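A.B. asks: A single structure is presented below for examination.
What follows is calculated from the coordinates using simple rules that are stated; it is not laboratory data. In this text, all values refer to a predicted model and were calculated from it rather than measured experimentally. Cβ coordinates were reconstructed from backbone atoms using ideal geometry, including for glycine residues, and neighbour counts include every protein chain displayed.
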Amino acid sequence: MTDLNDNYAKVYNRTVGFGQRPCLLLIDFAHAYFDPKCPLYANVDDSLASALRVRAAATVAGIPVVLTKVTYDPKGLSGGRFFEKAAPLEAFLPGRATGEFTAGLEPTEDEIIVTKQYPSAFFGTSLAPMLTAMGCDSVLLTGLTTSGCVRATCVDAMSHGFRTSVIADACGDRHDDPHRANLLDMNAKYADVISEISALDYLNRLTA
């Protein structure tokens, strides 16, 4: 059987590179993914630590930082079929501590919070026109989970015309298999999947 990486490299082997004016997106770093008592717990402390380091560098570089937060009405009706299908989304109902930003990721006054009800940070939100209005031509993606909201946001970012980089170290999932598979596929078709080191080097160049 053909090696997976060789198979993809024969067909998908192109990079798009970074843009000139990026925005950093931190997708759904909610307490739910860090609470062992919550069904959404994913053991992704390393992903958060990486995202926080990238966030610090982005702040120094002076680029926009956007945090997404899932919010629903008390009955979850605003989540439509997504809420109906995915039972653990109850963690994001009003009043649940699991729906709040996890410790260490408290938003600053300069950061933008985008509330969403569906996987993509672009679907049903003003994110795309807001980024355009700020002059952003590209996005750096971090967040949870790789196979869900990160992937959905990645596809929509590309579809809206933004050069997209997914920072692998700063993304996480509840299992390594979907994490790796989706990083492979996003890198093949929709974005450049990069390391934290590459992201920090890029942000440091912007600072200089």
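A.B. asks: Cα to Cα, under 14 Å, and not fewer than 8 places away if on the same chain: which aspartates and glutamates meet these conditions relative to K75?
C.D. replies: E84, E90
A.B. asks: Once the other residues with Cβ under 15 Å from the Cβ of I113 are scored (Lys, Arg +1; Asp, Glu -1), what is the net sum?
C.D. replies: Once positives and negatives cancel, what remains is -3.
A.B. asks: Applying the Karplus parametrisation 6.51 cos²θ - 1.76 cosθ + 1.60 with θ = phi - 60° to the phi angles of the range 179-189, what ³J(HN,Hα) value in whole Hz is obtained for each residue in order, glycine and proline being reported as x?
C.D. replies: Each residue of the range 179-189 in turn: 4, 5, 4, 6, 4, 4, 6, 5, 5, 6, 10 Hz.
A.B. asks: Further, regarding this structure: Just report the Cα centroid separation between the range 121-162 and the range 30-100, whole Å.
C.D. replies: Measuring centre to centre over Cα atoms gives 16 Å.
A.B. asks: Output the peptides 60-69, 92-101, 142-151, 19-28 sorted from most to least packed, where packing is the average of other Cβ atoms within 10 Å over each peptide's residues.
C.D. replies: 142-151, 19-28, 60-69, 92-101
A.B. asks: So which cysteines of the chain have no other cysteine's Cβ under 4.7 Å from theirs?
C.D. replies: Taking the Cβ cut-off of 4.7 Å, the unpaired cysteines of the chain are C38, C149, C154, C171.
A.B. asks: So between A103 and T132, what do we pick up on full extension, going 0.36 nm a residue minus the alpha carbon distance?
C.D. replies: 7.4 nm
A.B. asks: Could you identify which residue out of N182, N43, N13 has the top mean-square fluctuation in a GNM of the chain using Cα springs shorter than 10 Å?
C.D. replies: Result: N13 has the largest fluctuation of those listed.
A.B. asks: For the chain, set up a GNM with springs between Cα atoms under 10 Å and report which of A87, A157, A57 has the largest fluctuation.
C.D. replies: Greatest mean-square fluctuation among the candidates belongs to A87.
A.B. asks: Among (1) 36, 24, 18; (2) 25, 21, 17; (3) 30, 19, 15, which is the computed semi-axes √(5λ) of the Cα gyration tensor in Å?
C.D. replies: Matching entry in (1) 36, 24, 18; (2) 25, 21, 17; (3) 30, 19, 15: (2).
A.B. asks: Further question: What value, in deg cm²/dmol to 500, does the helix sum -39500 (n - 2.57) over DSSP H runs of n ≥ 4 give at 222 nm once divided by the residues of the chain?
C.D. replies: -10000 deg cm²/dmol
A.B. asks: Under 10 Å, Cα contacts only: if you run a Gaussian network model on the chain, which one of C154, C171, C136 comes out with the highest mean-square fluctuation?
C.D. replies: Its mean-square fluctuation being the largest, the pick is C136.
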